[in-house]
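Reviewing the structure listed below.
Any read-out appearing in this document is the output of simple, stated calculations on the displayed coordinates, not a laboratory observation. All values derive from a computational prediction rather than experimental measurement. Because the Cβ atoms are built from the backbone with ideal geometry, glycine has one as well, and the counts that use them run over all protein chains shown.
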Amino acid sequence: MFPLFRKLATVLLLTGICAAEWISPHSLKQEEHAPNALLPFPRETEWTDKQVSLPAAEHWELKGKSSKSTSVKLAWKGLLKDISGKADSKLTVKLKTARDFPAEMQEEGYTLSVKPGGITISAASEAGFFYGLQTLRQLVHGKKSIPCCQIKDWPAFKYRGYMQDCGRNFRKLERLKKEIDLAARLKVNTFHWHLTDYPAWHIQCKSYPELNSPKFRTRDQNDTYSYDEIRELFQYAKDRCITIIPELDMPGHSAYFERAFGFKMHTPEGMKIVSKLLDEFCKEVPADLCPIVHFGADEVRIPNAAEFVGMVTGKLQEHNRIPVQWASNRDLPVAETSIEQRWGEGPNTADKSINPERITRRAFDSTMGYANLLDPAMLVRRYFFMRPCGSAKGDEKKLGTIICIWPDGKVDNKEWIPGFCAMWPGMMAMAERAWIGGGANGDALPLEMPAPDTEAGKAYALFEQRMARLRKSIFADEDFPVWEESNMQWTVVEPTAKEKVDATRTAVLGGKTEGLATRKAYCANLYFRTRPDTGYLGMFMNARPGSTVWATSTIKVRKAGKYPFMIGFDAPARSNRRWTGVPQNGEWSQTGTRIWLNGKEVRNPRVYRNAGKFSHAGNAWNFESPLDKEEIWWSLDPTELELKKGENTIIIEQPYIGEHQSWGISFIPLFKHS
């Protein structure tokens, strides 16, 4: 599945929003005073100067009726693992059932009170206690003491989810469990498990064993989830307050079906088989574990669309399941009884996806979060500043958001998938916004980062700091390809036509930019104009191939030496592989990128095994030649550049050669500087 994101306004003013107007939904002052990285940040916090010394784990005690529940026991066990206190005094955590919580706090809300005499968590539900303990776990991680405080917290949206495409790239159960554990720590409560796609039906099939035959599969031929494993994972997730939504994609994305039976799903013969497959799945996986079933219905045209949708939704309702369908302009019509999952496929459709007054039925919003498509920093920015379902909070129709991991092409090493798709930083931004909501429409802010002295700029910098701390602690063993970027400032020369490139270069290198059109830009990742599949996001969305941009900045260090940078100038869409390719040795890109450091041009010191390869101007859907790590600049080791003591001047020249290029600059210092 491949979205065309909404074309955002070409300038911030067209949206009616500027960075100065974006208001954080929580107090930045309280965030600044937080003793640890809390993510998502709680809605209401009060910190005091009084400290509570933390005893060693063996001196902690949990009390209350709810302490016997499975979810609470798991959360408590995890919390004790993170205790760093050494005191030998006793500390009691009391769980108190709330009788007077307002409606919005009933399902998942909690209060957390830390006082010298002990800690109290109040909640009206098992999930509330679970999330209260997750916040306490973040609060105590690595600490010998914590401040006395009061926290009141509840989610803005009911569903806060992530998706893994195990239909195209099978993932082992133990890996999925690890991801569920980490997601639960971010108060994520939904796992959308895409189980079937073109290569295979990866679910055990008792009615038609031929569906599990390796000869009808094109990838992961011998990998099948048994029903025992499926039930095991559903229960594992439920114990961690996560609902799994399985997706059995039909009638599209089902080439395996035609290979196995010789006819398509929507034919009379195919519909009989589909009916039995749904019966079998629903009988094997009970409704208390699996209340919602997604049946895809995307990217397909069939003559009997209404009949097919009616048959599937009727069958699912017969088994007491809520149906879900993808909802875009290439998908089957969404049934009245189904939840629609919005995904972008062009400006008009994506507009509807995040325009709240156009959401007329129950909906999940996945228009912001296709993690296989956007560069990592843009993915994080979009989720941080944009609002799920275009709304500050959810309701009975605006249900929430699901970030989607779609590595359509074949991946040899499945452990690379989260890194290739920036899964964890994207999920952090999703969890933050979906939990705490947001009162301002920040749609335009991801395109051009706000100045650091605005509330939006300060909020993003603080969020980056929280991500960085969690990256080193909770996510230390995970690929996490986002680094702090808000500590860079650039002067950008606006797009220059071919005939003026030489003269403009001379002016820029000579420091004579007075007669040129320039603008300030903030952050280490600059996006000028991304590919059309993202809706041409960026600072210069009206520019055309043949243009060139220059960006200049300074970095000040205390001593001379080699310093590490993450540097990249294009990124392949991990769905269709469109991009400009691996650079030639000595070059920074295949587009003619040039870098000057302190007036001297710098060649790329990296030696590529695949130098000059993998340029794809067209689409390579469901490719079988796996992505190489050299195609993903954020998966490579840092590049070291020689800096002098004091101020160093960087000039980058970046041409735009074609719409298969995600035109921009990523130049990220991995060290402290000024």
Entries of K187/K276; K73/K458; K172/K629 with Cα pairs more than 31 Å apart: K187/K276; K73/K458
Restricting the range 445-501 to GluC sites (Glu not before Pro) in coil, as DSSP defines it, with at most 11 other Cβ within 10 Å: none
For the range 190-201, 3J(HN,Hα) per residue [Karplus equation, 6.51 cos²θ - 1.76 cosθ + 1.60, θ = phi - 60°, Hz, x = Gly/Pro]: 9, 10, 8, 9, 7, 9, 10, 6, 2, x, 5, 9
Of K152/K178; K238/K393; K158/K672, those spanning more than 31 Å from alpha-carbon to alpha-carbon: K158/K672
48 Å tail of the calculated P(r), the chain, as % of Cα pairs: 17 percent
Contour minus Cα-Cα distance for R330 and K272 (0.36 nm per residue): 18.4 nm
Loop-resident sites, the range 231-322, for trypsin sites (Lys or Arg not before Pro), counting at most 15 other Cβ within 10 Å (DSSP): R301
Estimated inter-spin distance, K50 and A287, nm [label 7 Å along Cα→Cβ]: 5.0 nm
For a label point 7 Å along the Cα-to-beta-carbon line of K397, residues of the range 303-347 with backbone N under 19 Å: 323-329, 333-344
Charge sum, other residues only, whose C-beta stays under 13 Å from V188's C-beta, Lys/Arg counted +1 and Asp/Glu -1: +2
The range 623-674: chymotrypsin sites (Phe, Trp or Tyr not before Pro) falling in loop per DSSP and having at most 12 other Cβ within 10 Å: F671
Lysine pairs within the range 90-148, Cα separation less than 18 Å, 8 or more sequence positions apart or different chains: 7
Separation in nanometres of the label points that stand 7 Å from Cα toward Cβ, at N610 and E58: 5.3 nm
Mean residue ellipticity (222 nm) of the chain, computed from DSSP H runs ≥ 4 via -39,500 (n - 2.57), nearest 500: -7000 deg cm²/dmol
Distance in nm between pseudo-label sites at Q106 and R603 (7 Å out along the Cβ direction from Cα): 7.0 nm
